[in-house]
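Heads up, the thing below is written out as structure tokens.
We did not get these values from a lab; they are worked out from the coordinates using the rules stated. Treat the numbers as computed from the prediction; the structure is a model and nothing was measured. Using ideal geometry, Cβ is built from the backbone for each residue, glycine included, and neighbour counts are taken over all protein chains shown.
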Amino acid sequence: MASKGLMAASTKPLILSILKGGKNYGYYITQKVKEISDGSLEWSDGMLYPVLHRLEKEGFIASEWIITNTGRRRKYYSITELGKQELRTEKENWMSVHAVFTQLWNLKPTI
Amino acid sequence: MFNLEEEIKNWLSELRRDPGFEDGDIAEMEDHILDSIEIHIEARLSEQEAFEKATASFGALDKTSSEMVKSRTTNMNTPRTDFLAHNYSNSTNMLSATTIMFSNYLKIAGRNIRKQKLFSFINILSLTIGLAATLLIFLFVHDEINFDKFNTNKADIHRVLQVQHNVDGSLAYKGTSHAISLGPELVREIPGIIRYTRFFEHWNSENSYVKANDKTFREPVLYSDFTIFKMFSLPVIRGSVESNSVHEVVLSEKIANKYFADENPVGKTLSIRIDDEFVDFTVAAVIENIPSNSSVQFDLLVNLSYLTEVGFLKEYITNWGFGAINTYVQKDPAAKIENMQPVLDKMLLTHYPYYAEIAEQSGYKTAMDYRQLILQPLMDIHFDSTVTNGLLPASNKLYSILLGLIAIGILLIGCINFMNLSIGRSSNRAKEIGLRKTIGANRKQLVVQFLSESIVLAVVALFLALLSVKLLLPVFNMLTGKELSLALLFEPIYLLIILGITLFTGLISGIYPAFALSNFKIEDAFSGNLKLGGSNTFTRILVVFQFTLATLLIIGMLVITAQMSYIQNKDLGFSGEQVVVIPNSSINQTTIFSHYKQALNGVPGVLNVASADQNFGDKHGLGGMGFEYKGKEMRTGIINVSADYLKTIEIDLISGRDFDAQISTDYSHAVIVNESGLRDFELEQDGIFETLGRTGKTEDDPVVIGVMKDFHFNSLTVDVEPMLIKLSKSENLNYVMVKISPENMPSTIASLNEAWGGIAQDLPFEYTFLDDTMATQYAAQKEWSKIISISMITAIILSCFGLFGLVAMAIAGRRSEIGVRKVLGATVVQIVSFYSWKYTRLVLLSFLIAMPVSYYYLEKWLETFAFRIDLGVQIYVVAGIITLGIAFLTVVYKILEAALANPAQVLRDE
């Protein structure tokens, strides 16, 4: 299980990455995260929404209400240009951290 | 049995109760939970398992809710360095947190307003009416205390008064009528006085005939020195006010438009009928209309020099015994009034040396203790009601104070409604408060929340109040005779004051509820142990206070109305009904009266025609003479009349006979006195009235031929003076009086008009009814009784609104209690009387407090009338029935509803 801090830091790139694949709604996103991470990254579902709202407010994602064929109102989110840019920066950051760790952890201890 | 729909509903309503979620969020969460449950059900879980699993994976609501709040406060430009930190909470910025907090308060306030429509309505309405009354009365009082303030020289303008004191030092009289030469003499003798302006109102000059552009009007005319334009701030629009000729007039814009429409009136000629002759005057200038809050008022000003140099005042210029001129002076800004007093004292004795003798004989220490000339500052004039014959009647300061108090009273009643209803409603909000406390709100935040709620309501009420003032102002202006304008309220300083009053109102209304509610203990809030509203001592005190105010106003209104109707219905001793009064005028050596008498002879509907030199109800009172009689200063009113006078206005004779036009000595030697005259002068019928022989010869002394019943020729605020009537041969007495029959009055008036046209075609036919003239004496009192009545109705309605709301709330919380009582055998009557007594007794207490207070003040007011009603028990009984009755009905209406409810229904819902 990932730590709370790590979870918090990773939600943004996670959501943006998922939405890069096409517009989608809250429940799908939570399920997708669970599915991909095979349970190692698990939020309580409810906590996703505040993050979505914040991202929307920051302009990284946009939302629209759609009436589903069962007559239910559903809020769909999609990534914006700004979001895509943000995702690129995030990706670089995560990759550089990743590179640091790979180097660190692949080095043999010098005694 | 597990009911999925029910459970989802509960889960959602929990969300809804949480202020962290907004409406859109809730729909989104609903979609989420439904998706989640569907997936679990597809995976063959039972409904219950699916629901439990879905909600469990959703997580704790309060955590989501607080994150939701944070998500809305997140700074848009999160610095990149926060990258790995827990940036969601760190980025919360205090300022936007406060905004979010307030917007949440606003939202909750809005929901509360919508949820409890009745109470919100009463709350806002109370504050609106309270504020509207305050604004109106603020405008009124502002206008009153700023009377004459528009004059730039206000600090230096003074009115000259001659003050007479009694031997004991009390004020006997303040006179404004001075000799013609006083003004010039003051400027000559006192270096600090730089200017004088004299005013004169000719007899009947409030109704002069003015001919302009070949049309004749009847118009009030004021005579004055043109220095008035240097002394007072009366801006000239056109022309010049440098007096070049005595034949000059100055018009107000209003009258200039009336006479000359769009033409330039300057240089045009108009004629004014002075002493029965039309005299031509040139329009020298047009000035702006004079504001209503000026104690100098005119639309048509005639150069006073015309009267003093050409007209009838010429022969009185050096006569110091002739007093008829209102005199104002302007001093040098540096000069001090105190330094002028010795000169004034000396001047008075120079011209009236006999004052010193009178003072000495009557036991005054100095002549100054008897009579003195004083200079009264302009700003004091409007409120000096001890001066009876100034240019404008003075205003009673008491009324302004009274109105101010009424405004505060109505506003307080509105605030009290707000307080009581907020406290009463508090039990409904206990859970909200409990929740806020649980999630960490401190007391300060709660107080701020409740205060902002009441301030928001007060601001809403302010807007509604401004709107109502805008609508009510024309009516209010008509009622008060003022020209108040809403624009004043939007001047920055007053806008600030008004906002101040509104905030203050919000604070006053909200402060007690805020502190009381924020003081709840959390466990009480949730256990429903709160008993506030209705049973709370503070609430009860407020209700008593409120109803005391309302009762005071009710009693006040009843007494004022009763006194006014007493005055109007009192038998005045004569009949002014259907008596048409027309000003007499001379026409080519004869008079209107002489022609009219003949012309109206035999006209159907005309009962009697007479003439007299005085009308009743004149603002200067009845003319007469004062003289020394058996060692005392006495006064009697004297009216010179034509033969049919007594018949025309239906004055009854107690003894003796009416004048007889056939007896020639009636013209020279007969008087009819009233009862007061008979008593005060110790006369006898057929006896001689010695002092009236003006020549001093015994053979000229008149004989009393009849005694008439006392009749009220003056306002009922004063006693009946001695009066006598003399028969006059003159056809040129000032007024023609025609008694007409009540039937076919319009056609009779038309005949009068027709007859008039045959006699004086170039004068407009204008008339008044004698009883109307009498009624104008009470115009001020009537206006006041109207204003007080309206305030009183407002106050009682507001109080009842409050009481209604209070009872409604208290009863709402006791429905089950009432149900249980019914089940246990209580009858409807028992229930109603039990609960209504709880409230009615408060109103009863208010009544007991209001009684002595009102008695004190109303007794004082009634003392200003010579003829008045007594403050009897019956007024209080009526007031009591009204107050208690209305309050009782209000209470019973609400209680009855609860008492009649089927207990089975009520208790099942519980």
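Given contacts defined as C-alpha pairs under 8 Å and at least six residues apart, what's the relative contact order of the range A:4-104, whole-number percent? Before the final figure, lay out each step's value.
Details: 92 pairs, mean separation 30.5, N = 101.
Computed value for the range A:4-104: 30 percent relative contact order.
Identify the GluC sites (Glu not before Pro) of the range B:182-290 meeting these criteria: DSSP loop state and at most 16 other C-beta atoms within 10 Å of the C-beta.
B:242, B:263, B:288
Would you mind checking which residues have amide H under 5 Å from residue B:585's amide H? H placed 1.01 Å from N; only 5 or more apart, or other chain.
B:592, B:593
With the Cα gyration tensor of the protein assembly as shown giving a ≥ b ≥ c as the square roots of its eigenvalues, does the rule (a/c under 1.5 for rounded; else a/b larger than b/c for prolate; else oblate) give rounded, prolate or oblate?
Details: a/c = 3.16, a/b = 2.32, b/c = 1.36.
Taking the square roots of the gyration eigenvalues as a ≥ b ≥ c, the protein assembly as shown is prolate.
Out of residues 5 or more away from residue B:640 or on other chains, whose amide H comes under 5 Å of its own, with H placed 1.01 Å from N in the peptide plane?
B:613, B:614, B:726
HN-Hα J couplings of the range B:464-481 from phi, Karplus 6.51/-1.76/1.60, θ = phi - 60°, integer Hz, Gly and Pro as x?
Once θ is set to phi - 60°, the couplings for the range B:464-481 become 4, 5, 4, 4, 5, 4, 4, 6, 7, 4, x, 5, 4, 5, 5, 5, 9, x Hz.
Towards the positive end of the charge dipole of the protein assembly as shown, with charges on Cβ (+1 Lys, Arg; -1 Asp, Glu), say which of B:421, B:291, B:677 has the farthest Cα.
Sorting the options by dipole projection puts first B:421.
Among B:316, B:302, B:337, whose Cα projects farthest towards the positive end of the dipole of the range B:268-375, with charges put on the beta-carbon of Lys, Arg (+1) and Asp, Glu (-1)?
B:337
Spelling out what I want: for every residue of the range B:635-648, take phi, set θ = phi - 60°, compute 6.51 cos²θ - 1.76 cosθ + 1.60 (Karplus), and round to whole Hz; glycine and proline get x.
Those phi angles translate into 9, 9, x, 10, 10, 8, 9, 8, 4, 8, 4, 4, 5, 5 Hz.
Given the rule -39500 (n - 2.57) for each run of at least 4 DSSP H residues, summed and divided by the residues of chain A, what is its mean residue ellipticity at 222 nm, to the nearest 500 deg cm²/dmol?
Roughly -20000 deg cm²/dmol at 222 nm, from the helical runs in chain A.
Please list, in order along the range B:486-499, the HN-Hα scalar couplings obtained from phi with the Karplus expression 6.51 cos²θ - 1.76 cosθ + 1.60 (θ = phi - 60°), rounded to whole Hz, x for Gly and Pro.
With coefficients 6.51, -1.76 and 1.60, one gets 5, 3, 3, 5, 9, 5, x, 5, 6, 4, 5, 4, 5, 4 Hz.
Once you sort the root eigenvalues of the Cα gyration tensor of the range B:224-318 as a ≥ b ≥ c, which label holds: rounded (a/c under 1.5), prolate (a/b larger than b/c) or oblate (the other case)?
oblate
Using only the Cα atoms of chain B, each taken as one equal point scatterer with no solvent, compute I(q) by the Debye sum, divide by I(0), and report log10 of the ratio at q = 0.05, 0.07, 0.09 Å⁻¹.
Each listed q corresponds, in turn, to -0.48, -0.79, -1.08.
Under a Cβ-only charge scheme (Lys and Arg +1, Asp and Glu -1), can you give me the dipole magnitude of chain B about the Cα centre, in debye to the nearest 20?
3400 debye
Under 5 Å between amide H atoms, partner at least 5 residues away or on a different chain: which partners does residue B:241 have, H built in plane at 1.01 Å?
none
Take every Cα pair under 8 Å in chain B that's 6+ residues apart, average their separations, divide by the length, and report that relative contact order as a whole percent.
Answer for chain B is 13 percent.
Let me know the charge dipole size of the protein assembly as shown about its Cα centre in debye, to the nearest 20, where only the beta-carbon of Lys, Arg (+1) and Asp, Glu (-1) is charged.
In total the dipole reaches around 5340 debye.
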